[in-house]
Amino acid sequence: MAEYVEIFEVGPRDGLQNEKRMIPTSEKVALVDCLSGAGFKRIEIASFVSPKWVPQMADSAEVLAGITRAPGVSYAALTPNMQGLERALAAKADEVAIFGSASEGFSKANINATIAESLNRFRPVAETAKAAGIPVRGYISCVTDCPYDGPVDPQAVARVAAELDAMGCYEISLGDSIGQGTPESIGAMLDAVLTVVPAQRLAGHYHDTAGRALANIEVSLEKGLRVFDAAVGGLGGCPFAPGAEGNVATELVNARLIELGYTTGLNAEILETAGAMALAMRGK
Ligand code: HMG
Ligand code: MG
């Protein structure tokens, strides 16, 4: 039987957070409801960050309240601090994610904290979430390249991964935030991270700015990773990472994984429909 690889759909969060047009909540809910029938186990749909920093995500609680929850699907939210966690718990997110960076420049630009400050901020978030029975995922941005600091030392990624692991993150998602990673730099980064966290608890989160995300997924598969984040329609980008284009498109990752002989459990027709919806939401 073909081996299962999971695609974690992040389009409704990473795909839409950077959109300039204020997308009506009803459109976001319709997209999530469509995605809920596609076979995903996890969909990231909310971000409880400052609405001043990311206005597009200000209606995250309304999105969580408006969707029809499909059984067996975990609806995830970003939570940068305790205030975010409290909002996520009130909105009944099924799981939350803390998100740090391997580079100081991006950490400061994205969450207004040094790496050390951010880790201190995350600790109570992780503890409180776990005490409430909510799984916590960890993200590390800029795992190979930073738009402010340039190339990133693989050991810096491993250090942050070890910290997030010690906080009890059930999985750590490795973000090539600006899509500048190559199979070589992603491979070297994974070699370092794998010395501290096993492949079964790592995910690849690759933006596709330079068109290398699929090649980077392939090298990650060789290193044992079996979870990849992607966004329908290839939407995405981070407002604080200049040059960050879309996430790799879910449809492309799904097709490539199947070509490589894996199974994903996803319905390609629903993915196409959701991809078209997502692009229409951005006026594309
Ligand atoms: P700060 O300004 O340092 O926070 O922002 P603060 O604690 O000093 O608070 C300032 C104000 O923000 C206060 O309001 C707080 O109440 C409010 P005021 O008194 O001025 O009216 N505030 C909040 N409001 C709502 N929810 C909250 C919250 N926290 C504070 N949770 C903060 C620090 C982290 C909040 C800010 O920098 C922020 O929101 N940043 C947004 C970062 C973001 O969303 N980035 C995009 C997602 S990450 C990403 O895309 C990368 C990823 O995809 C992986 C990859 O690709 O690499 C995950
Ligand atoms: Mg991202």
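Things to note:
- Taken over region 239-259, the criterion of being out of contact with any helix residue (DSSP H, G or I) (no Cβ under 7 Å at 6 or more places or on another chain) and either within 24 Å of A97 (Cα to Cα) or free of Cβ contacts under 8 Å to residues at least 60 places away in the same chain (or both) is satisfied by P239, P242, G243, A244, E245, A255, I258, E259.
- Taking the numbered list (1) under 18 Å from A77 (Cα atoms); (2) in contact (Cβ under 8 Å) with a residue 24 or more places away in the chain in turn, P183 passes all entries but (1).
- Annotation: of all residues in region 229-276 being assigned to a loop (DSSP other than H, G, I, E, B) and away from ligand 1 (no atom under 15 Å from the Cβ), the one that is surrounded by the fewest Cβ atoms within 10 Å (Cβ to Cβ) is G261.
- Only residues that are within 16 Å of ligand 2 (Cβ to nearest atom) and touching a helix residue (DSSP H, G or I) at 6+ places or on another chain (Cβ under 7 Å) were counted in region 190-206, giving 3.
- Region 1-48, residues that are in contact with a helix residue (DSSP H, G or I) (Cβ under 8 Å, 6 or more places away or on another chain), within 16 Å of ligand 2 (Cβ to nearest atom) and of a type in the set (D, E): E9, E19, E44
- In region 99-120, of all residues being within 10 Å of ligand 1 (Cβ to nearest atom) and under 15 Å from D165 (Cα atoms), the one that is surrounded by the most Cβ atoms within 10 Å (Cβ to Cβ) corresponds to S101.
- Count of region 181-212 residues, restricted to those that are farther than 19 Å from A162 by Cα and of a type in the set (K, R), is 1.
- All positions within region 49-92 that are away from ligand 2 (no atom under 16 Å from the Cβ), part of a loop (DSSP other than H, G, I, E, B) and either surrounded by 23 or more Cβ atoms within 10 Å (Cβ to Cβ) or β-branched (V, I, T) (or both): I67, T68, V73
- Of all the residues in region 135-145, those that are touching a helix residue (DSSP H, G or I) at 6+ places or on another chain (Cβ under 7 Å) and either more than 10 Å from ligand 1 (Cβ to nearest atom) or more than 16 Å from T209 (Cβ to Cβ) (or both) number 4.
- Among the residues making up region 147-162, a single one is surrounded by fewer than 21 Cβ atoms within 10 Å (Cβ to Cβ) and in contact (Cβ under 8 Å) with a residue 60 or more places away in the chain: P147.
- Meets criteria (under 14 Å from the mean Cα position of the chain (by Cα), at pLDDT below 95, farther than 19 Å from I172 by Cα and not acidic (D, E)) for G246: yes
- Residue check, A46 in a strand (DSSP E or B) and either surrounded by fewer than 22 Cβ atoms within 10 Å (Cβ to Cβ) or small (G, A, S) (or both): yes
The values are calculated or read from the model by the stated rules, or taken from the named source; none is laboratory data. The model shown is predicted, which means the values in this text are computed figures rather than measured ones. All Cβ positions, glycine included, derive from the backbone under ideal geometry; neighbour counts span all protein chains shown.
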